[in-house]
Every structure is written in C-alpha cells, then in structure tokens.
Amino acid sequence: MNKKKIFFFISSMELGGAEKQVYLLIKKLQKKFNISLITFKKKKTDIYKLDEEVMRYCFPIRKNRNFFSKLLNYFLLLVKIRKIYFKQNPQTVIGFLPIPSLIMLLAIRGNKTKKIISIRNNPDFQKINIFWNILNFFLQKSANEIVVQTNSLKNKLKHKFKNKNITVIPN
C-alpha cells in the first residue's frame with residue numbers, strides 16, 4: 001500500500017521554535033507518511049537533522065537589492081516548487097512561518113491539495129513588508145486550515161478568516 005505524501009515548507013532547519021515543531025512533526029509522521037521538506041537554506045545550516053528517508057529539497061533564496069532580480073528569483077523558485085509538487089503529488093502541504101507559507105500557497109495555487117498553514121508568531125509584533133502583506137491578504141484565504149499557538153491569536157484571526165478551521169496547538 002502506498003503511503004500518503006505530506007510536504008512541509010519552512011525557511012530552514014536552523015535553531016528556532018517553528019523549526020523544532022517541524023522536526024518533531026516529521027519524526028512523528030514519517031512512519032505513516034512519505035514526507036518531503038522544502039527549505040530555503042542549505043542542509044549544512046541545519047541544527048535539526050532529519051532521517052535520510054525524508055525527501056529534502058533546498059532552494060537557497062539569493063539576497064538581491066534589485067527589485068527585478070528578486071522578482072525573477074522568486075518566480076524561478078515557484079517554478080521549481082511547482083515542478084516538484086506535480087511530480088510528487090502530495091495529499092497535504094503544510095507551511096510554517098509567514099514567507100514559506102505564502103510561497104507554498106502561491107506555488108500550488110489552483111490545486112485541490114489540502115493546504116495547512118501554521119502561524120507561530122503574532123503578526124502584530126513581527127511585521128513583513130508591503131509586498132508580502134498584499135500576498136498574505138489574498139493567499140492565506142486559500143488555506144484549508146490554520147494552526148496557531150494561542151487562543152488570543154485564534155480569536156484575532158477568526159474575524160479575518162470567517163469560514164476557516166483555526167486550531168490551537170501550543171508548544
């Protein structure tokens with residue numbers, strides 16, 4: 001019997017709370033599911049090391065000051081992710097942290113795969129630039145489920161996402 005496939009998206013597996021949660025989730029789920037992880041930093045920066053059976057894709061994002069270079073780099077990143085997505089055909093995708101979640105939602109936009117985003121921070125205290133905020137406004141609504149860390153964040157997001165399942169999972 002083929003195992004179902006789950007894709008995780010996060011910036012890196014460096015030291016951090018969200019990274020630790022991804023690591024623990026993958027360790028728990030890898031026996032029952034085929035797990036793939038997409039990060040935007042190379043493996044050599046990892047603090048949390050995963051088993052070889054986890055399919056790992058690293059797409060380092062270049063830091064460019066030129067707006068058009070940034071746009072081109074993100075476009076190429078989306079193309080790479082879509083190519084892997086269609087080849088692997090996961091049943092569920094899970095994004096952690098704002099930017100990786102938005103990249104995930106944008107890359108697989110228009111597909112019926114279950115999309116879960118995990119908001120591990122309070123958006124009032126961790127600001128993202130106007131470009132990502134605009135994408136955030138349009139794309140987060142395409143997520144099937146949102147996982148947050150606190151009830152207060154859940155209550156705040158209930159007003160923004162009226163028809164969404166919002167689940168609280170504390171650290």
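The values are calculated or read from the model by the stated rules, or taken from the named source; none is laboratory data. The structure presented is a predicted model; accordingly, all values stated were derived computationally and were not measured. Quick reminder, even Gly has a Cβ in these numbers, built from the backbone with ideal geometry, and neighbours come from all protein chains shown. All accessible areas refer to the heavy atoms of the entire protein, side chains included, with ligands and DNA or RNA removed. Shrake-Rupley method; radii C 1.70, N 1.55, O 1.52, S 1.80 Å.
Any idea which of I119, I130, I134, I47 is β-branched (V, I, T) and surrounded by 15 or more Cβ atoms within 10 Å (Cβ to Cβ)?
On inspection, the qualifying residue turns out to be I119.
Residue by residue, here is whether (1) modelled with pLDDT of 90 or more; (2) surrounded by 10 or more Cβ atoms within 10 Å (Cβ to Cβ) holds:
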{"residue": "F40", "(1), (2)": "yes, yes"}
{"residue": "R56", "(1), (2)": "yes, yes"}
{"residue": "K63", "(1), (2)": "no, no"}
{"residue": "N66", "(1), (2)": "no, no"}
{"residue": "L71", "(1), (2)": "no, yes"}
{"residue": "Y74", "(1), (2)": "no, yes"}
{"residue": "L78", "(1), (2)": "yes, yes"}
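For the stretch 120-136, name all the residues that are free of Cβ contacts under 8 Å to residues at least 24 places away in the same chain and either under 21 Å from K70 (Cβ atoms) or assigned to a helix (DSSP H, G or I) (or both).
Result: K127, N129, I130, F131, N133, I134.
Looking only at the stretch 12-30, decide whether some residue is under 23 Å from K141 (Cα atoms), touching a Leu at 6+ places or on another chain (Cβ under 6 Å) and surrounded by 15 or more Cβ atoms within 10 Å (Cβ to Cβ).
Among the residues of the stretch 12-30, at least one is under 23 Å from K141 (Cα atoms), touching a Leu at 6+ places or on another chain (Cβ under 6 Å) and surrounded by 15 or more Cβ atoms within 10 Å (Cβ to Cβ), which makes the answer yes.
Residue-wise test of (1) touching a strand residue (DSSP E or B) at 6+ places or on another chain (Cβ under 9 Å); (2) touching a residue at least 24 places away in the same chain (Cβ under 8 Å); (3) within 24 Å of T113 (Cβ to Cβ).
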residue	(1), (2), (3)
I10	yes, yes, yes
L24	no, no, yes
K32	no, yes, yes
F40	yes, yes, yes
K44	no, no, no
Y48	no, yes, no
Y74	no, yes, yes
K80	yes, no, yes
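Taking the conditions exactly as written (in contact (Cβ under 8 Å) with a residue 40 or more places away in the chain, of a type in the set (S, T, N, Q) and farther than 20 Å from S12 by Cα), does N66 satisfy them or not?
So N66 fails the test.
Just one of L157, L105, L139, L153 is closer than 19 Å to N73 by Cα and either touching a residue at least 24 places away in the same chain (Cβ under 8 Å) or under 16 Å from the mean Cα position of the chain (by Cα) (or both); which is it?
Just a single option satisfies the conditions, and that option is L105.
Can you name the residue in the stretch 137-171 that is part of a helix (DSSP H, G or I) and small (G, A, S) and, of all such residues, is least open to solvent (accessible area, probe 1.4 Å)?
Top of the filtered list is S142.
To keep it simple, each residue is scored yes or no on (1) at positive phi; (2) at pLDDT 90 or above; (3) of a type in the set (V, I, T); (4) open to solvent by less than 50 Å² (accessible area, probe 1.4 Å).
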{"position": "Q88", "(1), (2), (3), (4)": "no, yes, no, yes"}
{"position": "I94", "(1), (2), (3), (4)": "no, yes, yes, yes"}
{"position": "L97", "(1), (2), (3), (4)": "yes, no, no, yes"}
{"position": "M104", "(1), (2), (3), (4)": "no, yes, no, yes"}
{"position": "G110", "(1), (2), (3), (4)": "yes, no, no, no"}
{"position": "Q126", "(1), (2), (3), (4)": "no, no, no, no"}
